[in-house]
Amino acid sequence: MAKSQTEEYGWCAVPRNRTNLPSKATANAPPLGVDFDAVWPKTDLVRKAQEYIQSVLPKETYNHSLRVYCYGHTMVSLHFKPWVAKAREAFFETWALTCLFHDLATTPQNRSETYMSFEFQGGFLALQKLQSLGAPKAQAESVCEAIIRHQDPGETGTISRMGQLVQIATEFDNMGWQPWLLHEDVIKSVVQQLPRLKWSSCFSKTIEAEIAEKEWCHTTAIDGFSQAVAGNKLMEPYE
């Protein structure tokens, strides 16, 4: 394993308990606007992945995936600058791919094709597709692991930077958790370009559908998950 690829593709370890995140008291979250087109990677790999994902995901999920990218990009730019000090383009390309694929397995067709929880199937589907598109092995595997672990918060051990970022950025969009990480102007700017389309209701129903079909699924590990999504107060004004 090359150390350079560890940084490029977001493999570096961070605490799973998130002690590396700024607290409400210490976070510096200035009012900012986000231009999606300006921050979105324009590489051939991202373009091919985006074309594929756009063809298979419903608009609600697709918009969510791009909002997650914007929130995560802004979080890194504000709070985790060392993460991209050496390989900014490669890191954000990997981040874009993670966001595009992270909810791929939530579609009814993909859910019905396996007994596995959607995060696990989604990770494997992403790995296969990205390798077929020519992504480097270390990059495709980083996306895969981040997706598998994106609903696996906890107090012990470590997780990759990419895995932690997809956790906190999806939680921000889905449940409004850790709202101090970004100013409300960031939200306003992002949802203006990528409308929520009643995402809170849409995703809470998806959660309930997976649990109804697969009582063993990993989604059950987050207590009150569906209710937290449906009751997202931070994003309620933008639904």
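The values are calculated or read from the model by the stated rules, or taken from the named source; none is laboratory data. Computed from a predicted model, the values in this text were never measured in an experiment. We place every Cβ from the backbone using ideal geometry, glycine too, and count neighbours over all the protein chains shown.
Only one of (1) assigned to a helix (DSSP H, G or I); (2) crowded, with 22+ Cβ neighbours inside 10 Å fails for Asn110. Which number is that?
Going through the list (1) assigned to a helix (DSSP H, G or I); (2) crowded, with 22+ Cβ neighbours inside 10 Å, Asn110 breaks only (2).
Looking at segment 182-195, can you tell me whether even one residue there is assigned to a helix (DSSP H, G or I), in contact with a helix residue (DSSP H, G or I) (Cβ under 6 Å, 6 or more places away or on another chain) and closer than 19 Å to Ile148 by Cα?
No, segment 182-195 contains no residue that is assigned to a helix (DSSP H, G or I), in contact with a helix residue (DSSP H, G or I) (Cβ under 6 Å, 6 or more places away or on another chain) and closer than 19 Å to Ile148 by Cα.
Only residues in segment 26-44 that are charged (D, E, K, R) and in a loop (DSSP other than H, G, I, E, B) count as the first member; pair them with residues that are surrounded by 11 or more Cβ atoms within 10 Å (Cβ to Cβ) and modelled with pLDDT of 95 or more, Cβ under 9 angstrom, at least 6 apart or cross-chain, and list the lot.
Correct list of pairs: Asp35/Ser189; Asp35/Gln193.
Which ones in segment 1-25 are of a type in the set (S, T, N, Q), part of a loop (DSSP other than H, G, I, E, B), out of contact with any Ser or Thr (no Cβ under 8 Å at 6 or more places or on another chain) and over 18 Å from Gly72 (Cβ atoms)?
Thr19, Ser23
Quick check on this structure: which one of Ala126, Ala105, Ala90 is within 17 Å of Thr43 (Cα to Cα), part of a helix (DSSP H, G or I) and of a type in the set (A, V, I, L, M)?
Within the list Ala126, Ala105, Ala90, the selection yields Ala90.
Does Leu127 meet the test of being touching a Cys at 6+ places or on another chain (Cβ under 7 Å) and of a type outside the set (Phe, Trp, Tyr)? Explain how you work it out, then say what you get.
On the way: touching a Cys at 6+ places or on another chain (Cβ under 7 Å): yes; of a type outside the set (Phe, Trp, Tyr): yes.
So Leu127 fits the description; yes.
If you go through segment 196-222 one residue at a time, how many are farther than 21 Å from Glu113 by Cβ, aliphatic (A, V, I, L, M) and surrounded by fewer than 15 Cβ atoms within 10 Å (Cβ to Cβ)?
Qualifying residue count for the region: 1.
Which one of these does Val190 not meet: (1) touching a Pro at 6+ places or on another chain (Cβ under 9 Å); (2) buried (at least 22 other Cβ atoms within 10 Å of the Cβ)?
Answer for Val190: the failing condition is (1).
Restricting segment 150-170 to residues that are outside any helix (DSSP H, G or I) and out of contact with any Asp or Glu (no Cβ under 7 Å at 6 or more places or on another chain), which is farthest from Ala138 (Cα to Cα)?
Restricting to residues being outside any helix (DSSP H, G or I) and out of contact with any Asp or Glu (no Cβ under 7 Å at 6 or more places or on another chain), the top hit is Glu155.
Can you pull out every residue in segment 45-66 that is free of Cβ contacts under 8 Å to residues at least 60 places away in the same chain and out of contact with any Ser or Thr (no Cβ under 8 Å at 6 or more places or on another chain)?
Matches in segment 45-66: Val46, Arg47, Gln50, Glu51, Gln54, Ser55, Tyr62, Ser65.
Mind checking whether some residue in segment 223-236 is within 26 Å of Tyr115 (Cβ to Cβ) and outside any helix (DSSP H, G or I)?
Yes, segment 223-236 contains at least one residue that is within 26 Å of Tyr115 (Cβ to Cβ) and outside any helix (DSSP H, G or I).
So the check is Cβ under 6 Å with 6+ separation or different chains; which pairs have a first residue in segment 164-187 that's of a type in the set (Phe, Trp, Tyr) and a second one that's assigned to a helix (DSSP H, G or I)?
Within 6 Å, the pairs are Phe172/Tyr71; Trp177/Glu171.
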